[in-house]
2 protein chains.
Amino acid sequence: MDEGKTISQAVIGRLPRYYRYLGDLRDANIERISSSELSGLMKVTASQIRQDFNNFGGFGQQGYGYNVKYLYTEIGKILGLNDAHRLVIVGAGNLGRALIGYSNYESRGFIFEGIFDQDPDIIGKEVGELTVRPMNELEDFIISHKIDIVVIAIPKAGAVEVAEKIVKCGVKAIWNFAHTDLNVPSDVVVENVHLSDSLMKLSYMLQK
Amino acid sequence: MDEGKTISQAVIGRLPRYYRYLGDLRDANIERISSSELSGLMKVTASQIRQDFNNFGGFGQQGYGYNVKYLYTEIGKILGLNDAHRLVIVGAGNLGRALIGYSNYESRGFIFEGIFDQDPDIIGKEVGELTVRPMNELEDFIISHKIDIVVIAIPKAGAVEVAEKIVKCGVKAIWNFAHTDLNVPSDVVVENVHLSDSLMKLSYMLQK
């Protein structure tokens, strides 16, 4: 990878999808795939695929296609999945629980270390292999467990305050499900999942 | 709105966020806002805002700014939020439950009519105001209740089959949370929320 080059957000946004398809191919024991086969599978043009991959040196497609396992590993590296990430979830409601159970994160290096809530009825309950902790332990926990990603899965009202707190603890990445945008310093990255926005987009498209 | 004009996906993608901010402003009883004030609030350039709004005729900003309530209503209309949408959720696990409880959908015209699962231990249980129904009732329910949006909140393995079934019942919109892309006819719109993709993007950004 050319370290000096800026990769566009659009390309980055497509990498996880490539990674997902390549993981499926690898699981199906497929060893090689051409850009045109991958194109057919993913409904993206082959030239788009080649262009995207050229941002990272092209991954050595020869006449006989890409090596699936190699490509999967390389894209994983680019996505930073080789380094383990330690996460906590703020909010042990249905959404927080769903996020823990949603997918096989651990194999991709995402380790959920803790889950926090302010509701006394929920604190102390088991969620998967974790026990819900009270919010006043959040900051110490983040520091002592070297947490690098915080998932905000609480309503809008408390989210801004939580974000301010965790940023002060040195957290540099927030996965935000609260229905609000967070104002954070420019060295903190936020990935927003605004579910209602997504549903509204569907409503728009449905009219057409 | 100029009916003949094609609005870019990027503009459409930004509409729900405008709608969200305008809703907050309206709730705060703010009557007018200029594009530069909105720009400061939303961290988008004022010229971007004006350009976006010009796709829909500009919403009549005068020297004294936009009328918040009018703009909110108009963007809501464009998003199709004036027509009620009837939804069912397939999957009554944590994610399905979270989606029902997540936000105040009803006020935006999204009405959850039913929730379905295949797990005999879950069928018959209450989720909010709904009772979990067995999967074999899904198709009849979709037709009899004129469901127009189906939410897929089950693992990848069953999602493709469910999508095929509901498309045959005439459903034209799918909100897909399964960790797979769905192959549907071109007149069916799918809004994917691939949570792991979103987490991987965060992992990528965290490295920079």
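From B:ILE115, B:ILE149, which residue is facing chain A (nearest Cβ under 9 Å), under 29 Å from A:PRO155 (Cβ atoms), modelled with pLDDT of 90 or more and touching a strand residue (DSSP E or B) at 6+ places or on another chain (Cβ under 6 Å)? Break it down stepwise before answering.
On the way: B:ILE115 fails: facing chain A (nearest Cβ under 9 Å).
Unique residue meeting the criteria: B:ILE149.
Report, ordered by the first and then the second residue, all pairs with beta carbons closer than 8 Å, sequence separation of six or more or different chains, a first member in region A:186-208 that is within 7 Å of another protein chain (Cβ to nearest Cβ) and closer than 30 Å to A:ILE166 by Cα, and a second member that is part of a loop (DSSP other than H, G, I, E, B) and among the β-branched types (Val, Ile, Thr). That search, which allows pairs on different chains as well, returns A:VAL193/B:VAL193; A:LEU195/B:VAL193; A:SER198/B:VAL193.
Checked against the criterion of being closer than 29 Å to B:ILE166 by Cα and not acidic (Asp, Glu), the candidates B:SER34, B:SER8 yield just one match: B:SER8. Based on this model, can you work out whether B:ASN55 counts as modelled with pLDDT under 90 and within 30 Å of B:VAL132 (Cα to Cα)? Spelling it out, it is not the case that B:ASN55 is modelled with pLDDT under 90 and within 30 Å of B:VAL132 (Cα to Cα). Scanning region B:125-140 for residues that are part of a helix (DSSP H, G or I) and more than 17 Å from B:ILE154 (Cα to Cα) turns up just one, B:ASP140. Residues in region A:1-59 that are surrounded by 12 or more Cβ atoms within 10 Å (Cβ to Cβ), within 14 Å of chain B (Cβ to nearest Cβ) and in a loop (DSSP other than H, G, I, E, B): A:ILE7, A:VAL44, A:ASN55, A:PHE56.
The values are calculated or read from the model by the stated rules, or taken from the named source; none is laboratory data. Treat the numbers as computed from the prediction; the structure is a model and nothing was measured. Neighbour counts are summed over all protein chains in view; Cβ atoms, including those assigned to glycine, are modelled from backbone coordinates with ideal geometry.
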